Amino acid sequence: MRVLETMHSFDHEQVVFCQDKTAGLKAIIAIHDTTLGPALGGLRMWPYASEEEALIDVLRLSRGMTYKNAVAGLNLGGGKAVIIGDPRKDKSEALFRAFGRCVESLGGRYITAEDVGTTVQDMDMIHEETNYVTGISPAFGSSGNPSPVTAYGVYQGMRAAAQKAFGSPSLKDKRVAMQGCGSVAYHLARHLHEEGAELYVTDLYEDNVERFVREFGAKPVARDAIYDVDADIFSPNALGGILNDDTLSRLKVKVIAGPANNQLQEDRHGDILYEKGILYVPDFVINAGGVINVADELEGYNRERALKKVERIYDNVLIIMEIAEREHISHAAAANRLAEERIRTIGRVRKTFLPQEKNMLNLGKRG
Ligand code: NAD
C-alpha cells in the first residue's frame, strides 16, 4: 500500500514502524498532530489480519485522539499505537520493553497508555524503558482505573444536555435507558440513581443487569428493546455503530449521551439526529474523562485536580450545542469544528518566539 499517500489523506505528521525479531514486536506508532503538545493516545494490541488493516486503524484512531484531546482542553496532540499480535497469546516482557524503547526513541513526541488488549501490567513493563507512558500501577504514581472518572465526565455531559433539552441540569425523575451495564455504566448509574433518575437497563449478561436492579432499582429491559423505551435520555454504554437507520427511527428520547466509542454508524446519522431535534452529545467529547485523568499523571497525579478538569465537559457540551444551533450543523460536526478552532488559535499563539528557543538557532556555534 502507499503509506505516504495514506498518511497524507489523514494528514499525519509522522508514522513509525517498529520491529524486533527477538521480542516478536511488530508495532506502528502514529503521531497525527502535535500543534497543542506531545501526542497522547493508547496502545492497542490486536491480531490484525494484515499490516494494511493495522495501519488504517492506527491512523484513524490517532486522528480521533487529536480531536478528543483538543476539545478536552488538554495541551496534548493526538497519537496512537498498535501492536500486531494476539493479546491472549503473544504478550511477553521483551515485547513490551522493545515497544518501550521505540517510544523512548521518539523523545516524548508520543506518550502511550492502555487501550483495547493492553493492561496496567503491560504499561509497567513499558515503563522499564521509558517515562513516556501513563496508566502504570498506582505504586508508580498513576491514576488507576479510569472508569469512575470517565463516568463522572459522562454524568456532567448529560447534565449539560439536560439543561439544554429540559431547561434544567437536574436529572431527577428523568428516565434514562442504558445500553450496557459494564464498568463505566456502573459508576454513571450510581450518579444518576443518587440524583433520582429512573433507570432502564440491558446487558449481554444477566448478572450485570441484576446488580443494577439490586443497587439502583433499575428496570431490566430485553436487549433489543432498549431502543424502544419511552425514555428522556438514551445512554450508549456498550457498543459502537448503534446510532443507525434502524435505531434512529425507534428512539423516542430527547437526548443521547453515553461513553461508548464511535456511536454514529455513519456521519449522516449525526445529521439525521440534528434534523430530528435530538441532542446528541458526541462520544469523544463526553467520554474524555479517561484521557483527562491519565493526562493529569504528567503533572504528578492529583485526583481532585483531574475531576475539576473533567467538569469542563459540562461547558464543552453547551458550547457544542451553541455552535450546532448557530451554524445549523450536526452536534458531531460542531464538536469537530470546536477542536479545529482550538488547534488553529492555540497553534498561532504558540508561534511566538521564546528566548529559551534560541538554542535552536545555534548562536553559540558562531566564531
Ligand atoms: P465494559 O466492557 O466494562 O462494559 C461494556 C458492557 O456492555 C459489558 O457489560 C457488556 O456485556 C455490555 N454489552 C456488550 N454488547 C452489548 C449489547 N449488544 N447490548 C447490551 N450490552 C452489551 O466497558 P467499559 O469500560 O464500561 O466501556 C464502555 C464503553 O465506553 C466502550 O465503548 C468503551 O470503549 C467506552 N469508553 C470507556 C472508557 C473507560 O474509561 N473505561 C473511556 C472512554 C470510552
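Throughout, read-outs are computed from the coordinates displayed, never taken from laboratory work. Note that the structure is predicted; figures quoted are calculated from it, not measured. In this analysis, Cβ positions are derived from the backbone assuming ideal geometry, glycine residues included, and neighbour counts consider all displayed protein chains.
Calculate the dipole size of the stretch 224-293 relative to its Cα centre from +1 charges on Lys and Arg beta carbons and -1 charges on Asp and Glu beta carbons; express the result in debye to the nearest 20.
On the way: 5 positive and 11 negative charges, 41 e Å.
The calculated dipole for the stretch 224-293 is roughly 200 debye.
Could you work out how far apart the two model spin labels at Glu357 and Asp245 are, taking each label as a point 7 Å from the Cα in the direction of the beta carbon, and quote it in nm?
5.1
Name the shape class, rounded, prolate or oblate, that the alpha-carbon gyration tensor gives for the stretch 1-133, where a ≥ b ≥ c are the square roots of its eigenvalues, rounded holds for a/c under 1.5, and otherwise prolate holds if a/b is larger than b/c and oblate otherwise. Intermediate values should be presented prior to the final figure.
On the way: a/c = 1.73, a/b = 1.24, b/c = 1.39.
Oblate, because a/c is 1.5 or more while a/b does not exceed b/c.
Mind listing the long-range amide H neighbours of Arg175? Cut-off is under 5 Å, sequence gap 5 or more, other chains count too, H placed in the peptide plane at 1.01 Å from N.
Glu198, Asp232, Ile233
Using the crude model of +1 on Lys and Arg Cβ and -1 on Asp and Glu Cβ, and no other charge, please compute the dipole size for the chain relative to its Cα centre, in debye to 20.
Details: 44 positive and 51 negative charges, 235 e Å.
Computed about the Cα centre, the dipole is about 1120 debye.
Which parts of the stretch 26-47 would a label at Lys89 reach, counting a residue when its backbone N lies under 11 Å from a point 7 Å out along Cα-to-Cβ?
In the stretch 26-47, the label zone of Lys89 (backbone N under 11 Å from the point 7 Å along Cα→Cβ) covers 47.
Within 10 Å of each residue's Cβ, count the other Cβ atoms and sort His269, His331 from fewest upward.
Numbers: His269 21, His331 25.
Going from least to most buried by this count: His269, His331.
For a 22 Å ceiling on Cα separation, which of these pairs sit above it: Lys254/Lys309; Lys68/Lys308; Lys308/Lys351; Lys172/Lys254? Spell out each step's value before the answer.
On the way: Lys254/Lys309 27 Å; Lys68/Lys308 17 Å; Lys308/Lys351 29 Å; Lys172/Lys254 15 Å.
Violating the 22 Å limit, Cα to Cα: Lys254/Lys309; Lys308/Lys351.
Give the residue from Asn145, Pro87, Val16 lying farthest towards the positive end of the charge dipole for the stretch 1-157; charges sit on Cβ (+1 for Lys and Arg, -1 for Asp and Glu) and the dipole is referred to the Cα centre.
Asn145
Sort Thr352, Thr119 so that the residue with the fewest other Cβ atoms within 10 Å of its own Cβ comes first and the one with the most comes last. All intermediate terms of the calculation are to be shown ahead of the outcome.
Values: Thr352 7, Thr119 13.
Least crowded to most crowded, the residues run Thr352, Thr119.
Over the chain, with a single point scatterer placed on each C-alpha, what log10 of the ratio I(q)/I(0) does the Debye formula yield at q = 0.11 1/Å?
-0.79
Please work out the Cα center distance from the stretch 132-180 to the stretch 196-223, rounded to the nearest Å.
Computed from Cα coordinates, the inter-centre distance equals 18 Å.
Counting only residues 5 or more places away or on other chains, whose amide H sits under 5 Å from the amide H of Ser143 once H atoms are built in the peptide plane?
The list, which skips near neighbours in sequence, is Gly135, Ile136.
List, in order, the whole-Hz ³J(HN,Hα) value for each residue of the stretch 51-67 obtained from phi through the Karplus relation with A = 6.51, B = -1.76, C = 1.60 and θ = phi - 60°; use x for Gly and Pro.
Rounded to whole hertz, the list is 5, 4, 4, 5, 5, 4, 4, 5, 5, 5, 5, 5, 5, x, 5, 4, 5.
Once you put a point 7 Å from the Cα of Lys252 and another 7 Å from the Cα of His328, both along the Cβ direction, what distance in nm separates them?
Taking the simple label geometry, Lys252 and His328 are separated by 3.2 nm.
Using the Cα centre of the chain as origin and beta-carbon charges of +1 (Lys, Arg) and -1 (Asp, Glu), tell me which of Ala324, Leu192, Val221 is placed farthest towards the positive end of the dipole.
Comparing the listed Cα positions along the dipole, Ala324 ranks first.
Restricting attention to the chain, give the cysteines that have no other cysteine Cβ less than 4.7 angstrom from their Cβ.
Cys181
At 7 Å along the Cα-to-beta-carbon direction for both Thr6 and Ala139, put a label point, then send me their distance in nm to one decimal.
Taking the simple label geometry, Thr6 and Ala139 are separated by 4.0 nm.
Under the rule of -39500 (n - 2.57) per DSSP H run of 4 or more residues, summed and divided by the residues of the chain, what mean residue ellipticity at 222 nm is obtained, to the nearest 500 deg cm²/dmol?
Values: 14 runs with 162 residues, N = 367.
Helix-only estimate at 222 nm: -13500 deg cm²/dmol.
Efficiency by 1/(1 + (r/R0)^6): what FRET value for Lys21 and Asp267, r their Cβ-Cβ distance, R0 = 51 Å, to the nearest 0.05?
0.80
Treating the beta-carbon of each Lys and Arg as +1 and of each Asp and Glu as -1, no other charges, what is the dipole magnitude of the stretch 50-90 about its Cα centre, to the nearest 20 debye? Write down the numbers at each step before the final one.
Working: 6 positive and 6 negative charges, 60 e Å.
So the dipole magnitude of the stretch 50-90 works out to roughly 280 debye.
How big is the equivalent ellipsoid of the stretch 147-339 along its three axes, where each semi-axis is √(5λ) from the Cα gyration tensor, reported in whole Å from largest to smallest?
Working: eigenvalues 104, 97, 44 Å².
Values for the stretch 147-339, descending: 23, 22, 15 Å.
For Thr35, Thr202, Thr345, what ranking results if the residue with the fewest other Cβ atoms within 10 Å of its Cβ goes first?
Working: Thr35 17, Thr202 25, Thr345 10.
Going from least to most buried by this count: Thr345, Thr35, Thr202.
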